[in-house]
1. Which ones in segment 39-57 are under 18 Å from W95 (Cβ atoms) and open to solvent by less than 40 Å² (accessible area, probe 1.4 Å)?
2. Which one of these does C130 not meet: (1) open to solvent by less than 80 Å² (accessible area, probe 1.4 Å); (2) outside any loop (DSSP other than H, G, I, E, B); (3) under 22 Å from V29 (Cα atoms)?
3. Report, by residue number, each residue of segment 31-53 that is polar (S, T, N, Q) and either out of contact with any strand residue (DSSP E or B) (no Cβ under 8 Å at 6 or more places or on another chain) or not in a strand (DSSP E or B) (or both).
4. If only one of P13, P23, P60 is surrounded by 13 or more Cβ atoms within 10 Å (Cβ to Cβ) and on the phi < 0 side of the Ramachandran plot, which one is it?
5. For segment 63-106, what are the residues that are in a helix (DSSP H, G or I), exposed (fewer than 15 other Cβ atoms within 10 Å of the Cβ), out of contact with any strand residue (DSSP E or B) (no Cβ under 9 Å at 6 or more places or on another chain) and not small (G, A, S)?
6. Quick one: count up the residues across segment 107-118 that are of a type outside the set (S, T, N, Q) and surrounded by 19 or more Cβ atoms within 10 Å (Cβ to Cβ).
7. Among the numbered conditions (1) at pLDDT below 95; (2) crowded, with 17+ Cβ neighbours inside 10 Å, tell me where Q2 comes up short.
8. In segment 145-159, what count of residues is obtained for those that are under 21 Å from G36 (Cβ atoms) and open to solvent by 30 Å² or more (accessible area, probe 1.4 Å)?
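The values are calculated or read from the model by the stated rules, or taken from the named source; none is laboratory data. As the structure is a computational prediction, the values presented were derived from the model and not from experiment. So basically every Cβ, Gly included, is an ideal-geometry build from the backbone, and we count neighbours across all protein chains shown. To get the accessible areas, we keep the full protein, side chains included, count just its heavy atoms, and leave off ligands, DNA and RNA. Shrake-Rupley method; radii C 1.70, N 1.55, O 1.52, S 1.80 Å.
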Amino acid sequence: MQRLVDIAPAQIPQIWSLLSQIPDPEVPVLTITDLGMVRSVKAQGEGWVIGFTPTYSGCPATEHLLGAIRDAMTANGFTPVHIVLQLEPAWTTDWMTAAARERLRAYGISPPVGHSCHAHAPAEVSCPRCASTDTSLISEFGSTACKALYRCNSCREPFDYFKCI
């Protein structure tokens, strides 16, 4: 009989693929792996350990996402599963994939500009509809805590900007 340690390396890409199908409940065009929330996947003993960092420590979707990870792992025979909440380092938009940023734009949300170490309002936020950088901040707070509300001065449409965190 093969031990988990012997077969685990071959299963890790399958688990990452499985986790990449779990959507973010606030922005469903992104997944938890697009956002960089899954920090690690490891075999341990007879089971699996998933390292997970929520987008912020008070995120109301955290419990939902932990349940979705457990459900996906269990439904696909990867048990037992232990999820380790990793609050340090804190999640940052720097962990988002380039593909995630493009999907945000296509969805109508302007992706973060710059890096988290420069987490103030960016000089230029592009309109996700017409790509103009002639935009104005309406409110530091948009539809969720991680977004700000902008208006495009060219096409006059309001849009969310995914803030650098």
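1. Just the residues of segment 39-57 that are under 18 Å from W95 (Cβ atoms), to begin with: 39-41, 50-57.
Passing the criteria: S40, V41, I50, G51, F52, T53, P54, T55.
2. (2)
3. Initially, segment 31-53 is screened for residues polar (S, T, N, Q), giving 31, 33, 40, 44, 53.
T33, T53, listed by residue number.
4. Working: P13 fails: surrounded by 13 or more Cβ atoms within 10 Å (Cβ to Cβ); P60 fails: surrounded by 13 or more Cβ atoms within 10 Å (Cβ to Cβ).
Answer to the check: P23.
5. Within segment 63-106, the subset in a helix (DSSP H, G or I) is 63-75, 93-95, 98-106.
The next check asks that each one be exposed (fewer than 15 other Cβ atoms within 10 Å of the Cβ); those that pass are 63-64, 67, 71, 74-75, 94, 98-99, 102, 106.
Right, trim to out of contact with any strand residue (DSSP E or B) (no Cβ under 9 Å at 6 or more places or on another chain) and you get 63-64, 67, 71, 75, 94, 98-99, 102, 106.
If the condition is that a residue be in a helix (DSSP H, G or I), exposed (fewer than 15 other Cβ atoms within 10 Å of the Cβ), out of contact with any strand residue (DSSP E or B) (no Cβ under 9 Å at 6 or more places or on another chain) and not small (G, A, S), then E63, H64, D71, D94, E102 are the ones that fit.
6. So the answer is 4.
7. Here Q2 meets the rest and fails (2).
8. The first filter runs over segment 145-159 and keeps only residues under 21 Å from G36 (Cβ atoms), leaving 145-148.
Then drop every residue that is not open to solvent by 30 Å² or more (accessible area, probe 1.4 Å), which leaves 145.
Residues in segment 145-159 being under 21 Å from G36 (Cβ atoms) and open to solvent by 30 Å² or more (accessible area, probe 1.4 Å): 1 in total.
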